[in-house]
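The values are calculated or read from the model by the stated rules, or taken from the named source; none is laboratory data. Computed from a predicted model, the values in this text were never measured in an experiment. Neighbour counts are summed over all protein chains in view; Cβ atoms, including those assigned to glycine, are modelled from backbone coordinates with ideal geometry.
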Amino acid sequence: MKKRRLVQGNEACAQGGLYAGCDFYAGYPITPATEILEIMAREMPRQGRVFIQMEDEIASISAIIGAAWAGAKTMTATSGPGFSLMQEGIGYAAITETPCVIVDSQRWGPSTGQPTKTSQADLMQARWGTHGDHPVIVLTASGVRDTFEMTVEAFNFAERYRVPVILLLDEVLSHLREDIYWPEPGELEVIDREPPSSPEAFAPFGGHGFLPLGGGKRFNVTGMAHDKQGFVARGAQAAAGLRALMERIEGQTMTMARYSEEIPDDAETLIVAYGITVRAARRAVQLLAAEGLVAGLLELRTLWPFPAELLRGAIQGGQIKRVLVPELNLGQLVLEVERILAGQVPVARLGRVDGYLITPEQIAEAITEQAGPSAESKRQRRAAHATS
Amino acid sequence: MLPQDPYQLRLSGSGGQGLITVGVILAEAGLLEGYRVAQTQSYGPEARLGASRSEVILSSRPIAYPEVSEPDFLLSISQDAFDKYGSQMPEKSLILVDDFYVTLSRSESYPQQIYALPIIHTAEELGNKLVSNVVALGALNRLLGLVSEAHLKEAVLRRVPAKYRELNASALEAGARLGRPQAKAVG
Amino acid sequence: MPRVESYLRGEELPHVWCAGCGNGTIVRELIQAVDQLGWSKDEVAVIGGIGCSGRTPFILDFNTMHTTHGRALAFATGVKLARPELHVVVASGDGDASGIGGNHFIHACRRNIDLTLLVFNNGLYGQTGGQLAPTTPMGARTATTRTGNIDPPFDIAQLALAAGASFVARTTTFDNQDQEMKRFIQLALAHRGFSLVEVLCQCPTYFGRMNGLGDPHEMLFHLRDETLPLEELPEVLHRWEEQVRAQTVSLEQAKGMLPEELAGKILTGIFCNEDRPEYTQSYQELQQSLQTHDKQEKAGVA
């Protein structure tokens with residue numbers, strides 16, 4: 001029989017990386033991501049894999065990109081200040097179609113901010129932190145088991161789509177310990193890089209398969225706009241390359257949408273939440289139900305590319321009268337939700353930025369307030385009905 | 001059986017008193033007992049200077065929200081920690097403090113049930129103040145009856161290095177003796 | 001020289017470097033060094049940073065990577081650790097290596113990881129139009145020091161030595177008959193550990209013009225005259241402390257000068273060539289010892 005184990009979020013992340021076959025980890029210590037670095041330092045050499053502590057986060061991401069081109073499955077983990085430093089490398093990884101995983105355990109910012117306090121304020125940075133239009137996939141998780149699974153998924157997406165994948169955790173989730181079923185080998189799908197049909201036919205960019213440096217065909221990798229062989233492209237050719245790069249990711253938005261929908265048929269309120277805030281939202285739904293107010297929850301695990309179709313689908317039918325987006329920032333995901341729903345239903349925001357989690361009570365209260373007097377009376381009628 | 005389901009504990013003291021370890025051990029013991037568990041902590045500078053805390057939820061059902069919202073129990077083994085967290089405790093809750101290092105202000109009357117036990121003194125008698133946390137763990141578990149003593153011991157032994165096993169086992173037993181039913185509430 | 005051409009990517013020629021630039025000379029010597037070592041193209045990786053020198057990877061028919069500004073060594077560290085069988089050469093400019101990449105530079109030296117770094121040192125930032133670099137000599141004019149530089153420069157070879165590189169050499173693009181640059185590069189490539197060959201090279205377009213140093217030809221003679229091979233020095237001068245900046249003394253004059261008068265010459269030669277623990281090797285040993293330990297522990301328990 002499977003046993004449950006007590007596991008910390010950061011441990012689940014590191015072990016998820018190992019499960020996914022991470023061959024190469026480079027990193028730099030930073031709160032609250034340090035445990036990932038420490039676990040990798042302990043585990044990787046004894047498993048015949050490569051770990052190196054680099055001189056800073058720029059070096060860390062540069063090293064994993066180099067290692068990825070040498071054929072390794074690679075990963076690094078950091079937090080806000082380090083994530084800012086990594087933006088340069090993320091841009092390079094995006095334009096060079098480099099598979100790699102970057103974990104950002106979010107903490108209160110900007111700058112040094114409050115290193116030990118939580119936040120979800122790197123959402124837009126994860127999408128747009130590096131300069132220029134570029135593709136990127138951003139995932140998140142709301143629990144310890146979920147962190148394990150989404151780390152594996154981050155590797156799968158990186159390998160399948162040849163793109164840097166960012167996994168957003170946060171200080172609370174990183175340090176949270178929960179009991180989980182430990183994934184058995186084979187239980188979760190692990191995708192590896194596909195070799196090209198032949199080394200001769202291989203083009204390093206814009207094609208299929210992957211051949212490492214030293215793999216039998218000599219090619220050039222560059223962060224400059226380039227053609228399929230890695231030589232400089234300009235004008236229309238550069239534009240076409242960029243469009244193709246974007247299309248490869250954005251064209252698969254729904255294929256890579258990871259989410260859970262807990263929306264009862266009679267729900268009039270929809271909470272759109274992600275990351276650790278999902279936990280408060282889920283509890284809030286229970287609290288509201290006890291008062292006779294039915295709310296639904298849409299948990300997003302894939303944040304970018306944003307699954308617009310999924311959100312539109314969730315409010316289709318006209319049953320949902322209002323949407324609430326709780327997040328640990330001053331309004332980031334809510335902008336995307338507002339943009340997509342385009343005024344079809346009112347969208348309210350609930351932000352908390354004192355370094356602590358949004359509580360279930362705060363969400364329940366926001367919804368009661370948003371629902372207004374009519375919902376209040378309805379709630380009372382239902383409650384009366386329930387007790388009678 | 002949990003006194004409340006879910007049961008929420010806040011364990012507090014000064015940085016370095018091992019409260020986070022106690023939280024992890026209790027969560028582990030809860031898991032052995034068959035409960036769903038969540039353990040969180042205050043972290044960083046706050047855990048090294050001044051009041052530090054670790055929180056545990058034990059529940060028979062899946063835990064939606066993993067942080068302690070209304071603690072059923074507070075452990076404070078430093079004055080700082082008691083001053084900070086004591087006032088936040090709901091009326092119907094239970095507080096365990098160190099009888100020497102925590103002074104209860106006489107001007108206040110506490111609605112909560114408070115136990116003041118010689119936790120740190122007991123650890124000192126065992127020859128190592130560092131096991132105060134495990135003494136406290138033994139005491140609180142005997143008071144609350146959260147998990148079986150066998151599971152608690154197993155969880156403690158999993159988390160301590162081999163050469164300190166005996167010491168920690170003694171600390172746990174000594175703590176349990178402090179928490180026996182005859183222990184009197186002072187508040 | 002058909003041999004050299006066979007190492008170049010025809011479709012990437014002509015290259016982007018100005019007429020009279022010293023970079024081509026360094027690339028030629030690199031190719032000849034690799035060729036003489038008998039390495040196949042497939043087992044060599046050349047990784048460049050940003051700047052004129054950073055364009056080196058494009059024209060070479062090796063496994064090549066053109067990275068970001070200053071980070072080439074960090075990328076190369078990843079490549080080398082993940083694929084230790086590759087011979088990894090890094091091409092950097094002086095600004096790339098000691099300005100924006102200064103941190104990666106000292107740490108790669110410190111680890112003594114088996115990479116060969118070629119620093120193309122032309123004394124300024126060429127690709128952006130000739131601005132002050134950390135290596136620009138005092139008094140030199142650049143696009144951002146129009147009236148003469150007041151920033152004391154780095155000595156890249158000295159920096160590498162202090163940071164722990166186990167092979168450190170400096171030469172110039174002036175062909176001093178005994179093919180010194182090729183010899184140094186060949187020794188560096190064959191060396192197990194971090195190896196640096198700093199090559200002082202001419203940038204006629206900016207450094208030459210702004211400082212009235214004449215055409216590329218004249219600049220080469222200038223490079224000859226302002227440098228002093230280590231072996232020509234009195235013993236006492238082999239010590240680094242003796243080495244300072246300013247550069248107007250000719251080699252012939254230098255020979256008859258007192259040590260204190262010699263202050264100011266740029267020394268060339270091999271400053272360090274030592275056998276020290278190499279990083280990828282040390283890492284593999286760590287892996288093996290941990291695996292052995294775990295195996296024994298498992299066997300002991302079972």
Filter result for residue B:125 (within 14 Å of chain A (Cβ to nearest Cβ), among the charged types (D, E, K, R) and surrounded by fewer than 17 Cβ atoms within 10 Å (Cβ to Cβ)) | no
Counting only residues that are outside any helix (DSSP H, G or I) and facing chain A (nearest Cβ under 8 Å), how many does the range C:51-69 have?
-> 8
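Conditions (1) of a type in the set (A, V, I, L, M); (2) surrounded by 21 or more Cβ atoms within 10 Å (Cβ to Cβ); (3) closer than 20 Å to residue B:53 by Cβ, marked per residue:
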{"residue": "B:77", "(1), (2), (3)": "yes, yes, yes"}
{"residue": "B:84", "(1), (2), (3)": "no, no, yes"}
{"residue": "B:118", "(1), (2), (3)": "no, no, no"}
{"residue": "B:131", "(1), (2), (3)": "yes, yes, yes"}
{"residue": "B:146", "(1), (2), (3)": "yes, yes, yes"}
{"residue": "B:168", "(1), (2), (3)": "no, yes, no"}
State which residue pairs qualify: first residue farther than 22 Å from residue C:127 by Cα and inside the range C:57-86, second residue assigned to a helix (DSSP H, G or I) and charged (D, E, K, R) in any location, beta carbons under 6 Å apart, and separation of 6 or more residues or different chains.
-> C:61/C:41; C:62/C:41
Listed by range, strands (runs of 3 or more DSSP E) wholly within the range A:1-116 having at least 3 residues that are facing chain C (nearest Cβ under 9 Å) are A:50-53
Restricting to the range C:68-82, what's the tally of residues that are surrounded by fewer than 24 Cβ atoms within 10 Å (Cβ to Cβ) and under 15 Å from the mean Cα position of the chain (by Cα)?
-> 0
For the range A:186-215, enumerate the residues that are touching a residue at least 12 places away in the same chain (Cβ under 8 Å) and more than 30 Å from residue A:233 (Cα to Cα).
-> A:188, A:189, A:190, A:191
Given (1) over 29 Å from residue A:151 (Cα atoms); (2) surrounded by fewer than 20 Cβ atoms within 10 Å (Cβ to Cβ), index of the condition residue A:349 fails = (1)
Before we move on, is residue B:138 modelled with pLDDT of 95 or more and on the phi > 0 side of the Ramachandran plot?
-> no
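Table: residues versus (1) over 19 Å from the mean Cα position of the chain (by Cα); (2) buried (at least 24 other Cβ atoms within 10 Å of the Cβ); (3) over 21 Å from residue C:70 (Cβ atoms).
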position	(1), (2), (3)
A:6	yes, no, yes
A:38	yes, no, yes
A:45	yes, no, yes
A:48	yes, no, yes
A:51	yes, no, yes
A:56	yes, no, no
A:63	yes, yes, no
Out of the range C:82-112, which residues are assigned to a helix (DSSP H, G or I), within 12 Å of another protein chain (Cβ to nearest Cβ), under 15 Å from residue C:47 (Cα atoms) and not small (Gly, Ala, Ser)?
-> C:104, C:105
Quick one: would you say residue A:333 is closer than 17 Å to residue A:106 by Cβ, more than 14 Å from every other protein chain (Cβ to nearest Cβ) and touching a strand residue (DSSP E or B) at 6+ places or on another chain (Cβ under 8 Å)?
-> yes
Can you name every residue in the range B:71-111 that is among the small types (Gly, Ala, Ser), under 22 Å from residue B:57 (Cβ atoms) and part of a loop (DSSP other than H, G, I, E, B)?
-> B:93
Of everything in the range A:275-322 that's within 17 Å of residue A:106 (Cβ to Cβ) and among the basic types (Lys, Arg), which residue is surrounded by the most Cβ atoms within 10 Å (Cβ to Cβ)?
-> A:279
So residue C:140, is it surrounded by fewer than 24 Cβ atoms within 10 Å (Cβ to Cβ), among the small types (Gly, Ala, Ser) and either away from every other protein chain (no Cβ under 14 Å) or closer than 24 Å to residue C:55 by Cβ (or both) | yes
Test: residue in the range C:20-42 that is touching a residue at least 24 places away in the same chain (Cβ under 8 Å), among the basic types (Lys, Arg), at negative phi and surrounded by fewer than 23 Cβ atoms within 10 Å (Cβ to Cβ) = yes
Output the residues belonging to the range C:36-50 that are β-branched (Val, Ile, Thr) and facing chain A (nearest Cβ under 9 Å).
-> C:44, C:47, C:50
Count - residues of the range A:206-227 that are under 24 Å from residue C:46 (Cβ atoms) and away from chain C (no Cβ under 13 Å) | 4
Evaluation of residue B:137 against (1) surrounded by fewer than 21 Cβ atoms within 10 Å (Cβ to Cβ); (2) closer than 16 Å to residue B:26 by Cβ (one fails), failing number | (1)
For residue A:242, are the conditions met, namely being farther than 16 Å from residue A:163 by Cα and either modelled with pLDDT of 95 or more or not basic (Lys, Arg) (or both)?
-> no
Only one of (1) part of a strand (DSSP E or B); (2) away from chain A (no Cβ under 13 Å) is not met by residue B:57, so which one is it?
-> (2)
Give the number of residues within the range A:166-186 that are farther than 21 Å from residue A:327 by Cβ and buried (at least 21 other Cβ atoms within 10 Å of the Cβ).
-> 3
